[in-house]
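> This is the structure I want to talk about, given as structure tokens.
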Amino acid sequence: MANFPGATPAAPGKKTSLIRPLIFLLLIAAVIAMQYLHLEQYLDQERLRRFGASHGVLLPLMYLAVWTVGPLFLPGLPITLAGGVLFGPVWGVVYTAIGSTFGAGLVFLVARYLARDWVAGKLAGTRLASLDEQVARQGWKIVAISRLVPIFSFSLLNYAFGLTRISFWPYLAATFVCMLPSTIAYVYFSSNIVGLLQGNISSGLIIGVILIVLVSLIPVIYRWRKGKGGEALDL
């Protein structure tokens with residue numbers, strides 16, 4: 001991937017690192033708001049589930065549509081959390097896994113066929129600028145490790161892969177499989193988050209937090225293996 005002169009270097013890592021703490025700060029603020037405004041009556045878990053069921057297939061289709069076009073300009077984490085709240089831990093994972101894969105595929109195709117110059121300018125001067133060379137050496141494996149070790153922004157990474165020489169279907173398959181651990185963790189957590197907003201801490205919520213911690217440890221383990229001279233892929 002060529003570096004384009006005059007492009008302003010981006011800082012995807014810094015931007016990505018702020019998203020998750022901001023989400024949790026917003027959750028704390030929401031809990032406080034619930035106590036003062038007495039809005040917890042509208043966040044009954046069964047009421048939300050019935051709301052989803054009353055819309056039949058329309059709500060899942062709307063959610064999949066948001067996931068398909070959302071990654072073009074939105075971070076994926078808030079959409080993932082919404083899936084757990086609306087659909088529960090099982091169907092939330094199903095819809096989020098399918099939708100996020102659709103979204104990743106659409107962004108990939110936009111970068112490859114419609115917006116190559118714009119995307120290349122955004123990526124010039126960043127660590128993602130050398131991704132094409134790494135993909136040429138490692139193929140779909142670099143896609144897999146980048147999904148398991150989410151160092152970069154989800155949307156930015158999808159754009160970057162669109163400029164590489166990797167084929168579409170291996171990219172999509174590796175994306176789907178290797179995003180599942182984080183999808184399961186965050187959807188399970190958010191499926192139990194309504195109780196937190198009502199001031200209750202359930203065992204399901206605790207399990208969700210543990211799953212998120214375990215997923216967050218994947219980059220730490222990766223760097224440790226890399227530092228120990230293992231066979232880890234270089235990002």
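The values are calculated or read from the model by the stated rules, or taken from the named source; none is laboratory data. Here the structure is a predicted model, which means the values were calculated and not measured. Using ideal geometry, Cβ is built from the backbone for each residue, glycine included, and neighbour counts are taken over all protein chains shown.
> Within segment 84-126, which residues are part of a helix (DSSP H, G or I) and of a type in the set (S, T, N, Q)? Steps first, answer last, please.
Keep residues of segment 84-126 that are part of a helix (DSSP H, G or I), which gives 84-113, 116-123.
Selection gives 96, 100, 101.
> Quick one: how many residues across segment 96-126 are farther than 16 Å from residue 171 by Cβ and buried (at least 19 other Cβ atoms within 10 Å of the Cβ)?
Summing the residues that are farther than 16 Å from residue 171 by Cβ and buried (at least 19 other Cβ atoms within 10 Å of the Cβ) in segment 96-126 gives 7.
> Here are 186, 159: which of them is touching a residue at least 40 places away in the same chain (Cβ under 8 Å), of a type outside the set (Val, Ile, Thr) and over 15 Å from residue 72 (Cα atoms)? Break it down stepwise before answering.
On the way: 159 fails: over 15 Å from residue 72 (Cα atoms).
Criteria check complete, one pass: 186.
> To continue, here is another question. Hey, could you check segment 124-168 for residues that are β-branched (Val, Ile, Thr) and within 26 Å of residue 80 (Cα to Cα) and say which is modelled with the highest pLDDT? If you could, list the steps in order and put the result at the bottom.
Taking segment 124-168 and keeping what is β-branched (Val, Ile, Thr), we get 126, 135, 142-143, 145, 149, 151, 164, 166.
Among the residues that remain, those that are also within 26 Å of residue 80 (Cα to Cα) are: 142-143, 145, 149, 151.
Details: 142: 87, 143: 90, 145: 86, 149: 77, 151: 70.
Looking at the filtered set, the residue picked out is 143.
> Which residue, of 206, 210, is free of Cβ contacts under 8 Å to residues at least 24 places away in the same chain, closer than 29 Å to residue 226 by Cα and not in a loop (DSSP other than H, G, I, E, B)?
Numbers: 206 fails: closer than 29 Å to residue 226 by Cα.
Going through 206, 210 in turn, just one is free of Cβ contacts under 8 Å to residues at least 24 places away in the same chain, closer than 29 Å to residue 226 by Cα and not in a loop (DSSP other than H, G, I, E, B): 210.
> Return the residues of segment 65-81 that are assigned to a helix (DSSP H, G or I), in contact with a Gly (Cβ under 9 Å, 6 or more places away or on another chain) and crowded, with 18+ Cβ neighbours inside 10 Å; say none if nothing qualifies.
67, 68, 70, 71, 79, 80
> Something else now. It is to be established whether one or more residues within segment 198-206 are at pLDDT 80 or above and buried (at least 18 other Cβ atoms within 10 Å of the Cβ).
The answer is yes; a qualifying residue exists.
> Let me ask something else about it. For residue 74, are the conditions met, namely being among the hydrophobic types (A, V, I, L, M, F, W, C), out of contact with any helix residue (DSSP H, G or I) (no Cβ under 7 Å at 6 or more places or on another chain) and under 30 Å from residue 208 (Cβ atoms)?
Values: among the hydrophobic types (A, V, I, L, M, F, W, C): yes; out of contact with any helix residue (DSSP H, G or I) (no Cβ under 7 Å at 6 or more places or on another chain): yes; under 30 Å from residue 208 (Cβ atoms): yes.
Criteria met by residue 74.
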